[in-house]
Amino acid sequence: MGSYFFGINPSTLLGVAENVQNASSSAGQSHPIDPRTDPEAAMVSEVKKVLAMTEDTWRVLFKQAGGQYGRPHLVLFRGATPTACGTGQAAMGPFYCPGDQKVYLDLGFFNEMARRFHAGGDFARAYVIAHEIGHHVQHLTGVTEKTDAMRSRMSKSEYNRVSVRVELQADCYAGVWAHHANRSRPFLDPGDVEEALKAANAIGDDTLQRQSRGVVVPDSFTHGSSAQRVRWFRAGFETGSIKTCDTFAAKSL
């Protein structure tokens with residue numbers, strides 16, 4: 001499956017985002033919080049800082065490609081929350097809804113990530129956020145619309161293979177963000193990238209299936225194997241090139 005089939009010109013990947021409406025960032029908080037004394041407030045502050053860093057990076061990359069970056073909203077919740085994509089629930093993990101251009105994040109997921117997957121650390125959390133922002137970039141560049149239109153024409157297993165390419169591209173975009181953000185204003189400490197790679201490895205479809213079922217079923221993969229997720233994040237991070245993230249043209253994932 002080639003790039004142009006998905007509406008992506010590798011040389012001007014972001015050029016289709018010219019007329020996207022801007023939206024301000026929001027953490028959905030209704031009362032003052034103090035990061036110095038409230039652990040959850042500290043987490044909220046961290047998440048908002050990462051979001052701001054993604055906005056800075058993608059705004060520049062879109063501008064360089066002749067486009068304009070429309071910023072997503074961020075909604076932090078616990079338990080459940082209404083979305084334009086249906087009810088968001090904690091069990092779903094972090095997700096992006098193209099219907100309202102919002103990233104939904106149950107803060108309890110980070111505790112689960114550290115406890116269950118042994119993938120804690122601030123940059124592991126940043127990777128998760130950057131991955132969801134990668135889906136927003138896909139929405140702005142037309143990838144989401146193109147792939148969603150394919151769903152009704154494919155069997156479940158066929159569309160799963162498309163979904164894997166979508167998710168791996170978002171992983172790659174997370175790496176691209178980290179590359180440019182760190183070059184613009186160095187923030188990565190020794191071991192930070194390993195935190196992200198550990199997180200990517202921990203949430204691969206094969207790893208999760210092996211833990212929950214004891215059996216790995218590749219045809220049911222929707223996000224990619226651990227090795228694939230690590231590979232595509234690393235590719236984006238090491239090159240900083242959006243062209244590197246054309247998972248749809250890749251013969252091998």
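The values are calculated or read from the model by the stated rules, or taken from the named source; none is laboratory data. Bear in mind that the values here come from a model prediction, so they are computed numbers and not experimental data. Here Cβ is always computed from backbone atoms with ideal geometry, including for glycine, and neighbour counts include all displayed protein chains.
Might you let me know whether segment 203-219 holds any residue that is within 16 Å of the chain's Cα centre (by Cα) and not in a helix (DSSP H, G or I)?
yes
Are any residues in segment 139-156 loosely packed, with under 12 Cβ neighbours inside 10 Å and either of a type in the set (Phe, Trp, Tyr) or in a helix (DSSP H, G or I) (or both), and if so, which ones?
ALA149, SER152, ARG153, LYS156
If VAL162 satisfies all but one of (1) part of a helix (DSSP H, G or I); (2) modelled with pLDDT under 95; (3) more than 22 Å from THR57 (Cα to Cα), what's the number of the condition it fails?
Status for VAL162: all satisfied but (2).
What is the number of the single condition among (1) surrounded by 14 or more Cβ atoms within 10 Å (Cβ to Cβ); (2) more than 25 Å from GLY240 (Cα to Cα); (3) in contact with a Lys or Arg (Cβ under 8 Å, 6 or more places away or on another chain) that THR81 does not meet?
The number of the failed condition is (3).
From the residues in segment 226-240 that are among the polar types (S, T, N, Q) and modelled with pLDDT of 95 or more, which one is nearest to SER252 (Cα to Cα)?
GLN228
If you check ASP106 against the conditions, is it surrounded by 18 or more Cβ atoms within 10 Å (Cβ to Cβ), within 29 Å of GLY191 (Cβ to Cβ) and of a type in the set (D, E, K, R)?
Criteria met by ASP106.
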